[in-house]
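Have a look at this one.
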């Protein structure tokens, strides 16, 4: 500490520090009150929103359960038509309708899918050669597009027509 300071200077310096800290204390006390009221507002909104969220979540789960229950009670379309015989060309066309616009497929994959899904509707299992003939007919109609031409050891690749 500087010994040349007068008592008056020390007192004035202490008074200014006291005034500064009093001002900051009142400022922060006011801020504390403001923050407390803001906290109460947000706590109330949070409680209200959580209650609405939980009730909406419960309603959505109940609706989902009803939809699943209804779907389980409804017979599948394939089960309804299981006793009817279908032509291979119609089954190929049905599978192609379910494919995506840019999803490539070949006769071997379609034959396997037909055998997996519709085995009971066919007298004999679908063969890739038969599916290939159906695809060539659909190509001539414009229902499918040729992506890659087939060769002796590589089958043709098609996609759904536009």
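If you scan segment 123-142, which residues turn out to be crowded, with 16+ Cβ neighbours inside 10 Å and outside any helix (DSSP H, G or I)?
Listed by number, the list holds a single entry, 126.
I need the full set of residues from segment 90-111 which are touching a residue at least 12 places away in the same chain (Cβ under 8 Å) and within 19 Å of residue 153 (Cβ to Cβ), in order please.
104, 105, 106, 107, 108, 110, 111
Has segment 143-157 got any residue that is buried (at least 18 other Cβ atoms within 10 Å of the Cβ), in the same structural domain as residue 92 (by TED's automatic domain parsing) and in a strand (DSSP E or B)?
yes
For residue 53, work out the one condition from (1) at pLDDT below 90; (2) over 30 Å from residue 143 (Cα atoms) it doesn't fulfil.
Condition not satisfied by residue 53: (1).
Quickly run through segment 100-118 and pick out the residues that are assigned to a helix (DSSP H, G or I) and surrounded by 11 or more Cβ atoms within 10 Å (Cβ to Cβ). Even if it seems obvious, please write down each step before you answer.
Taking segment 100-118 as the starting set, the residues that turn out to be assigned to a helix (DSSP H, G or I) are 107-118.
Across segment 100-118, the qualifying residues are 107, 108, 109, 110, 111, 112, 113, 114, 115, 117, 118.
I'd like the full set of residues that are modelled with pLDDT under 85 and touching a helix residue (DSSP H, G or I) at 6+ places or on another chain (Cβ under 7 Å), limited to segment 82-120.
Answer for segment 82-120, where residues must be modelled with pLDDT under 85 and touching a helix residue (DSSP H, G or I) at 6+ places or on another chain (Cβ under 7 Å): 82, 84, 85, 86.
So the check is Cβ under 6 Å with 6+ separation or different chains; which pairs have a first residue in segment 115-139 that's more than 15 Å from residue 90 (Cβ to Cβ) and not assigned by TED's automatic domain parsing to the domain that holds residue 95 and a second one that's outside any helix (DSSP H, G or I) and at pLDDT below 90?
Listed pairs, sorted by first residue: none to list.
The values are calculated or read from the model by the stated rules, or taken from the named source; none is laboratory data. Small disclaimer: the values here were computed from a predicted structure and weren't measured. Here Cβ is always computed from backbone atoms with ideal geometry, including for glycine, and neighbour counts include all displayed protein chains.
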